[in-house]
């Protein structure tokens, strides 16, 4: 049975690796105050701060997308249905969050943060919902087998 | 929609895992169909019926609310 385009199963592990790899890099830069030589002088698209932000965000998003949209070991129509349900709820919830956060914000700087937050929030909500549904499914199956 | 896959499996003496393997789906999918938590597509319903060698209507029946 043909399903919509999904990455192969092994991409799930690649996704986890990409996401995990980006965490220490970002923490190193943010918490330890690591800075590039001459970073404070440069501004614009090619400034080292912006390039660093784009590259780390790209690594994180690649990780999340690969993890979210890789095939399961046995991919079938019921899993496709769970994926669609989770995606729909993830869009609902992330838009509710977006509307609430926009309504409670009057500062333009905060609005920029909200946009940055929404880069990864819908994907994370989708992943949590989908993994929860999959976990619940396998728990029901195990309970049934007892 | 209700079904009697559990009964048919018992007659044929096969497990959920074996049925799942025969039609190329996960064991969880068979479990959700048996417990009426998931309504299979026509293709899957026909595949299940073919395994039991019976028409689909004998395995799947419409309920009043359908």
Taking every alpha carbon pair in chain A, what does the distance histogram look like in 5 angstrom bins from 0, in percent? 2, 8, 13, 16, 16, 15, 12, 8, 5, 3, 1, 1, 0, 0
On average, how many beta carbons from a partner chain sit within 10 Å of the beta carbon of a residue in A:65-76? 2
To the nearest 10 degrees, how steeply does helix A:48-68 sit against the main Cα axis of chain A, on a 0 to 90 scale? 0
If the chain between residue A:104 and residue A:14 were fully extended at 0.36 nm per residue, the gain over the current Cα-Cα distance would be 28.7 nm
In this structure, the FRET efficiency calculated for residue A:55 and residue A:139 from their beta-carbon separation, with R0 = 41 Å, to the nearest 0.05, is 0.55
Ordered by fewest other Cβ atoms within 10 Å, a rough proxy for footprinting exposure, A:84, A:60, A:134 read A:84, A:134, A:60
Kindly express, to the nearest 10 degrees and within the range 0 to 90, the angle between helix A:108-145's C-alpha long axis and the longest C-alpha principal axis of chain A. 20
Let me check against my output: what whole-number percent is the relative contact order of region A:58-146, with C-alpha pairs under 8 Å and at least 6 apart? 43
Number of partner chain Cβ atoms within 10 Å, mean per residue of A:77-83: 5
Could you calculate the FRET efficiency of residue B:46 with residue A:89 from 1/(1 + (r/R0)^6), where r is the beta carbon distance between them and R0 is 30 Å, rounded to 0.05? 0.45
Tell me the mean residue ellipticity at 222 nm calculated for chain A from its helices only (DSSP H runs of n ≥ 4, each -39500 (n - 2.57), averaged over every residue, nearest 500). -26000 deg cm²/dmol
Given a Förster radius of 22 Å and the C-beta distance between residue B:64 and residue A:80 as r, what FRET efficiency does 1/(1 + (r/R0)^6) yield to the nearest 0.05? 0.15
How well do other chains shield peptide A:135-144, expressed as the mean number of their Cβ atoms within 10 Å of each residue Cβ? 4
What is region B:2-61 by shape, rounded, prolate or oblate, if you read a ≥ b ≥ c off the alpha carbon gyration tensor as root eigenvalues and call it rounded for a/c under 1.5, prolate for a/b larger than b/c, and oblate otherwise? rounded
Pseudo-spin-label distance residue A:113 to residue B:17, built 7 Å along Cα→Cβ, given in nm, is 5.1
Taking Cα atoms, how many degrees apart are the long axis of helix A:77-103 and the longest axis of chain A, rounded to 10 and kept between 0 and 90? 40
Among A:49, A:116, which comes first, second and so on when ranked by fewest other beta-carbon atoms within 10 Å? A:116, A:49
Projected area, mean over directions - region A:76-146, Cα convex hull, nm²: 5.5
Going 7 Å from the Cα of residue A:4 along its beta-carbon direction, which residues of region A:88-126 have the amide nitrogen within less than 15 Å of the resulting point? A:88-92, A:123, A:126
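Throughout, read-outs are computed from the coordinates displayed, never taken from laboratory work. This is a predicted model, so every value here is computed, not measured. For neighbour counting, all protein chains shown are included, and Cβ atoms are generated from backbone atoms with ideal geometry for every residue, glycine included.
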